[in-house]
Amino acid sequence: MTSVAPDTSQPLGADGRTPILQVDDVRHSFYSGQTAKRVLRGVSLSVDRGEFVCIVGPSGCGKTTLLDMMAGFLLPEEGTISVEGDRVKGVQSASVGFMFAKDNLLPWRTAQGNVEFPIEFQSASRLERERRALELLEHVGLGGFGGHFPDELSHGMKQRVALARTLAMNRDVILMDEPFGALDAQTRIEMQELLASVRQAMGQTVVLVTHDLSEAICLADRILVMGQGEFVAEYTVPFDRPRSLEAISRNPQYGELLSEIWSHVRATRLKMQASK
């Protein structure tokens, strides 16, 4: 199995489709006094409607910066980002949902109340808010826990509520920044399989940043490997859906793909360490 070397002159994407998310030649630096550190070096990316894309790479390579720009939390110095054809000029609350590494639940609200929170901004009636919140909690395996407060829930259960709340935003595009990074190994696998099944049923476009290469292979349609502020490789995941880590890990292609992606990540990490 070999990687596809990305053509940085053109956005990455599947041929013949209109992308829902487009990144064109984005460049950005962070400044400390008079010193500039280039974090993105001409990144281009195209994501199709309904696609699940994972971005992997070592810490500090620019993954989260790029994700923040897709959400509109940060604007690029150069280049453009568009969602559904509209250029991103600020927070994309109307078209993009965002799930952080921390659950950020409101402690004074129950699980149901937290899921209802984004629905309250959608002109829905009280009965409709309750119905949708309970339905989403059922989707993420928390039927019957709607009346529990966050401090009565385990870490994994809190992340399930956070996922339900993200889905309640009713956005076509969901951006996720290491949402399962703090979970124990067993709970993490459970959440990966839950996300895959819920997203398959609801059909959102997802861009997920992760350090976990197995997670990327388990979830993604495509995996983009970021070097120092630019994509260095792209892989199409060859496994049919539905898929589970337990099943695909027995396939020889899984080990080969994992090894190839890791070789890119390791090379970038060593390069970054040498440049310090």
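Coordinate-derived values only; no laboratory data. It should be emphasised that the depicted structure is a prediction, and the values quoted were computed from it without experimental measurement. Here the Cβ is made from the backbone with ideal geometry for all residues, glycine too, and neighbour counts use every protein chain on show.
Using a Gaussian network model of the chain whose springs link C-alpha atoms within less than 10 Å, name the residue from LEU136, LEU183, LEU21 with the highest mean-square fluctuation.
LEU183
Nearest 500 deg cm²/dmol is fine: what mean residue ellipticity at 222 nm does the chain get from its DSSP H runs of n ≥ 4 alone, each adding -39,500 (n - 2.57), divided by its residue count?
-11000 deg cm²/dmol
Viscosity 1.567 mPa s, temperature 4 °C: Stokes-Einstein D of the stretch 168-235 from its Kirkwood Cα radius, in µm² per second?
Here the translational diffusion coefficient equals 100 µm²/s.
Rounded, prolate or oblate: which fits the stretch 107-170 when a ≥ b ≥ c are the square roots of the eigenvalues of the alpha-carbon gyration tensor, with rounded for a/c under 1.5 and prolate only if a/b beats b/c?
Verdict is prolate for the stretch 107-170.
Which pairs, out of LYS37/LYS89; LYS37/LYS271; LYS63/LYS271; LYS102/LYS271; LYS37/LYS158, put more than 26 Å between their alpha-carbon atoms?
LYS102/LYS271; LYS37/LYS158
Which of the trypsin sites (Lys or Arg not before Pro) found in the stretch 21-129 are in a DSSP loop and have at most 12 neighbouring Cβ atoms, other than their own, within 10 Å?
LYS89
Once a ≥ b ≥ c are taken as the square roots of the eigenvalues of the Cα gyration tensor of the stretch 23-170, is the result rounded (a/c under 1.5), prolate (a/b larger than b/c) or oblate (a/b not larger than b/c)?
Prolate is the answer for the stretch 23-170, as a/c is 1.5 or above and a/b outweighs b/c.
Could you compute the net charge surrounding ALA124? Neighbours are other residues with a C-beta less than 13 Å from the C-beta of ALA124; K and R count +1, D and E count -1.
So the environment of ALA124 carries a net charge of -1.
Considering the chain as a Gaussian network with a 10 Å cut-off on Cα pairs, which listed residue, PHE98, PHE239, PHE180, attains the greatest mean-square fluctuation?
PHE239
Relative to the first principal axis of the alpha-carbon coordinates of the chain, what is the inclination of helix 252-275, with its axis defined by its Cα atoms, in degrees from 0 to 90 and to the nearest 10?
Taking the Cα atoms of the chain, the angle to 252-275 is about 70 degrees.
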